[in-house]
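A.B. asks: Sharing a structure with you now.
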Amino acid sequence: MNDSERALRNKRISHAIMLVILILLFLLFIAPFLLVVINVFKTKADITSNPLALIGKHGFTIKNFPEAMRKMDFWKVFLNSLIITVCSTILTILFSAMAGFVIVRNKWAACTLLFSAMIASMVIPFQVLMVPLVSVYGGILGVLNHRLTLILLHTGFSVSMATFMFHGAIHTNIPIELEEAAFIDGCTRWETFWKIVFPLLRPTIATVAIIDAMAFWNDYLLPSLVLQKKELYTIPIATQSFYGTYSTDIGLVMAALLLAMLPILILYLFLQRYIVKGVTSGAVKG
Amino acid sequence: MYPRLHPERAIIMERNRLSYKVSQFLMFAGPAAFLFCATVIVPFIYGLYLTFTSWDGISRTKPFVGLANYAAAFADTDYWSALGRTVIYSFFSVILINIVAFLLAYLVTSGVKGQNFFRAGFFIPNLIGGIVLGYVWKFVFNRAFVAIADALGGTGTSLLSTPSGAMFCLILVSVWQYAGYMMLIYVAGFMSVSESLKEAAMIDGCTPAQAMWNVTIPLMRSSFVQCIFLSITRCFMVYDVNLSLTKGEPFNSSVMAAMHVYNQAFTYKNYGTGQAQALILFIICAIVGVTQVYIGKKGEVQA
């Protein structure tokens, strides 16, 4: 056996060992989810007696699902989350792409001031703003308990990061000659932006959409402060309130948790490549 | 050459007028600037004002109390122990998150079959909100772990019922939650180090471990800086998992700083004191942020 053959064999062995380690780690990583999936098809008594058994003594049941769906009002809650996530994401993308454009292309004092304020604000933790937010929007203006309030607040919190990302993308990827050509052809700035610049920003739009939509969908603290009426609850708030009421009925809790996770897991199944790519490029640039 | 003003020059002159600048700025940046001010700038300044009042959350009047809230914030021993606990929790979480994330990144960039599948798989915990993750793990700790302990002939009490056990659980869940995310950043770092540099080092007589330690890791410096600071800020501000996994129990022994601020303001209705304590958190965050920029800029290694 010569050297290269030995090297090849060593490489194969080390790859096989790494593959085994990876599979074990992966199973460990998703074990909590698997436990939920196993137990969601059991009765309460079976879960209590042995949470690790694949199938309980009383057999396979799907009764937990309809009851949990009814008790947490799943479709309404799902729709609330969907409306809020979609609207906030769209507004964030439109407003920050526009702001990023005007900031890159002009050296006005107002642009510099806005951009520096946005970058500086990224270190402010939400906990510093939550008390004054409740005080201003609840006490003074009295606009809590409206979906629109939450949508605008979500947008306001995410525009700084998104503007920063669009600023970078326009600065490095959009040649100014394109805009000059459009200008000579008689486009106004507004038309140039929507017809030429915005369509070219598609990769950044996808990144911002993925990062922000996931953040909005999963956010708990801000929605829980703004939406206190039961009919406006989003999935995280509804899960929390469901657990508070039915924590002893463990079969129902399992079903509610699985329902809360399913929408995004199903989406991940289809968009997995884009989500991993979007999150990576967002994290590495930001 | 031009007897009259050329139309293009007219437009350029128009573009230098203040009214043009103002209308352009408002047209493009107006919505973002308005929402940004309404949600971040105004509340931030108003929050500074609130720390000098003793507002109870309901009444219209906000009596001015001077520095009493800051005095109360500094005298609040629960706050300092929550802060100290948060530092301990963040310290262990950050170290473990980064070790696990780095090892995962190493494994999924080594050319093993199905590495894209594993990358996507380890990322799954990040898709789901902290509230839901906390409840899932609460079930695991309270039921599954207890069942395993019983089967092994142990006592069968939940880890979440003792203070140090609850801390351990919080750290474990955070590591599990964030390792996949940080892994993606380390993967990007691994990919940015070119294969030829490693090969050159090996030809010069490096073992693979030496090449990793002396070539790859120094070149991935920016990934390390970024992951460490990201995990510090995430851990320091932990709230969702804290609320759903332990709710501060047992006996308020697992209340982290963010939860203490929330309770101070919204449960005990000491809005001014809560806001003053939040501002102290902000100062800590700002120091961390500035340090990150400083360290990130300083001493970058280039190939």
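A.B. asks: Which whole-Hz couplings ³J(HN,Hα) result when phi for each residue of region A:211-218 is put into the Karplus expression 6.51 cos²θ - 1.76 cosθ + 1.60, θ = phi - 60°, listed in order with x for Gly and Pro?
C.D. replies: Each residue's phi maps through the Karplus curve to give 5, 6, 4, 5, 5, 5, 4, 8 Hz.
A.B. asks: Can you pull the mean other chain C-beta count within 10 Å for peptide B:107-118?
C.D. replies: Counting Cβ atoms of other protein chains within 10 Å of each residue's Cβ and averaging gives 4.
A.B. asks: Could you identify which residue out of A:188, A:149, A:85 has the top mean-square fluctuation in a GNM of chain A using Cα springs shorter than 10 Å?
C.D. replies: Among A:188, A:149, A:85, the largest mean-square fluctuation in the Gaussian network model of chain A belongs to A:188.
A.B. asks: Cα-Cα over 22 Å: which of A:76/B:269; B:138/B:247; A:42/A:229; A:11/B:198?
C.D. replies: Check vs 22 Å cut-off fails for A:76/B:269; A:42/A:229.
A.B. asks: Further, regarding this structure: Along each of its three principal axes, how wide is the spread of alpha-carbon positions in the protein assembly as shown, in whole angstrom units, largest first?
C.D. replies: Principal extents (largest minus smallest coordinate, Cα): 100, 82, 48 Å.
A.B. asks: Between residue B:217 and residue A:230, how high is the FRET efficiency from 1/(1 + (r/R0)^6) when r is the Cβ-Cβ distance and R₀ = 60 Å? Nearest 0.05.
C.D. replies: Given R0 = 60 Å and the Cβ-Cβ separation, E is 0.70.
A.B. asks: I would also like to ask the following. Which whole DSSP H helices in chain B pass both tests: a Cα extent of 27 Å or more along the axis and a mean Kyte-Doolittle value no lower than 1.0?
C.D. replies: Answer set is B:77-108, B:163-192, B:271-297.
A.B. asks: Between region B:162-176 and region B:68-116, how far is it from one alpha carbon centroid to the other, in angstrom?
C.D. replies: After rounding, the separation between the Cα centres reads 11 Å.
A.B. asks: What residues qualify as long-range amide H neighbours of residue B:53, i.e. H under 5 Å apart, gap of 5 or more or another chain, H built at 1.01 Å from N?
C.D. replies: Here B:65 satisfy the definition.
A.B. asks: Residue B:21: which lysines have alpha carbons under 28 Å from its alpha carbon, excluding same-chain residues fewer than 8 sequence positions away?
C.D. replies: Excluding near neighbours in sequence, the set is A:107, A:195.
A.B. asks: Oh, and also: Mind checking which lysines have their Cα closer than 22 Å to the Cα of residue B:298? Skip sequence neighbours fewer than 8 apart in that chain.
C.D. replies: Correct list for residue B:298: A:285.
A.B. asks: Test of understanding: what is the full-extension gain from residue A:265 to residue A:3, defined as 0.36 nm times their sequence separation minus their Cα-Cα distance?
C.D. replies: Working: separation 262, 0.36 × 262 = 94.32 nm, distance 4.69 nm.
Taking residue A:265 through residue A:3 to full extension adds about 89.6 nm, to one decimal.
A.B. asks: Calculate the spin-label point distance for residue B:207 paired with residue B:49, positioning each point 7 Å from the Cα along the beta-carbon direction, and give it in nanometres.
C.D. replies: The answer from the label model is 6.6 nm.
A.B. asks: At R0 = 35 Å, how high is the FRET efficiency between residue B:294 and residue A:90 if r is their beta carbon distance? Nearest 0.05 is fine.
C.D. replies: Details: r = 37 Å, r/R0 = 1.05.
For R0 = 35 Å, the calculated efficiency reads 0.40.
A.B. asks: Shape verdict for chain A, please, from the Cα gyration tensor: rounded (a/c under 1.5), prolate (a/b greater than b/c) or oblate. It would help to have the intermediate numbers written out before the result.
C.D. replies: Working: a/c = 2.64, a/b = 1.29, b/c = 2.05.
Cα axes put chain A in the oblate bin.
A.B. asks: Which one, A:100, A:139, A:156, has the greatest fluctuation when you compute a Gaussian network model over chain A with C-alpha springs under 10 angstrom?
C.D. replies: Maximum among the listed residues: A:139.
A.B. asks: Further question: Just tell me how shielded B:40-50 is by partners: mean number of partner chain Cβ atoms within 10 Å of each residue's Cβ, no decimals.
C.D. replies: 6
A.B. asks: For chain B, what is the calculated [θ] at 222 nm in deg cm²/dmol (nearest 500), taking -39500 (n - 2.57) for each run of four or more DSSP H residues and dividing by its residue count? Don't skip to the answer; put the middle values down first.
C.D. replies: Working: 14 runs with 195 residues, N = 303.
Per the formula, -20500 deg cm²/dmol.
A.B. asks: Given springs between every Cα pair under 10 Å in a Gaussian network model of chain A, which of A:41, A:29, A:101 has the largest fluctuation?
C.D. replies: Looking only at A:41, A:29, A:101, the biggest GNM fluctuation is shown by A:29.
A.B. asks: Next question. In percent, how large is the relative contact order of region A:150-263, given Cα pairs closer than 8 Å and 6 or more residues apart?
C.D. replies: Numbers: 44 pairs, mean separation 26.3, N = 114.
Relative CO of region A:150-263 lands at 23 percent.
A.B. asks: Do you know the relative contact order of chain B, to the nearest whole percent, from alpha carbon pairs under 8 angstrom that are 6+ apart?
C.D. replies: Details: 303 pairs, mean separation 78.8, N = 303.
Contact order relative to length: 26 percent.
A.B. asks: Moving on. Mind ranking B:164-170, B:189-195, B:126-132 by how tightly packed they are, going by the mean number of other C-beta atoms within 10 angstrom, highest first?
C.D. replies: Highest-to-lowest ranking by the protection proxy: B:126-132, B:164-170, B:189-195.
A.B. asks: How big is the gap, in Å, between the Cα center of region B:129-146 and the Cα center of region A:140-216?
C.D. replies: 38 Å
A.B. asks: Within 10 Å of each Cβ in peptide B:223-235, how many partner chain Cβ atoms are there on average? Round it to a whole number, please. Each step should come with its number before you reach the end.
C.D. replies: Values: counts 2, 0, 0, 3, 1, 0, 0, 2, 0, 0, 3, 0, 0.
Mean partner shielding for this stretch: 1.
A.B. asks: Of B:49, B:30, B:260, which is farthest towards the positive pole of chain B's charge dipole, taken about the Cα centre with +1 and -1 on the beta-carbons of Lys, Arg and Asp, Glu respectively?
C.D. replies: Farthest towards the positive end: B:30.
A.B. asks: Output the peptides B:224-234, B:206-216 sorted from most to least packed, where packing is the average of other Cβ atoms within 10 Å over each peptide's residues.
C.D. replies: B:224-234, B:206-216
A.B. asks: A further question follows. Percent relative contact order of chain A, based on C-alpha pairs within less than 8 angstrom and at least six residues apart? Mind dumping the intermediate values first?
C.D. replies: Numbers: 246 pairs, mean separation 81.5, N = 286.
In percent, rounded to a whole number, it is 29.
A.B. asks: Ok, one more. Once the Cβ-Cβ distance between residue A:146 and residue A:49 is put in as r, and R0 is 45 Å, what FRET efficiency do you end up with, to the nearest 0.05?
C.D. replies: After rounding to 0.05, the efficiency reads 0.45.
A.B. asks: Let me ask you something else. Quickly rank A:61-69, A:221-229, A:11-19 as a protection proxy: mean count of other C-beta atoms within 10 Å, highest first.
C.D. replies: With the highest mean Cβ count within 10 Å placed first, the list reads A:221-229, A:61-69, A:11-19.
Only the coordinates and a few stated rules stand behind these numbers; no lab work does. Source: prediction; values computed, not measured. Cβ atoms come from the backbone with ideal geometry, glycine included; neighbour counts cover every protein chain shown.
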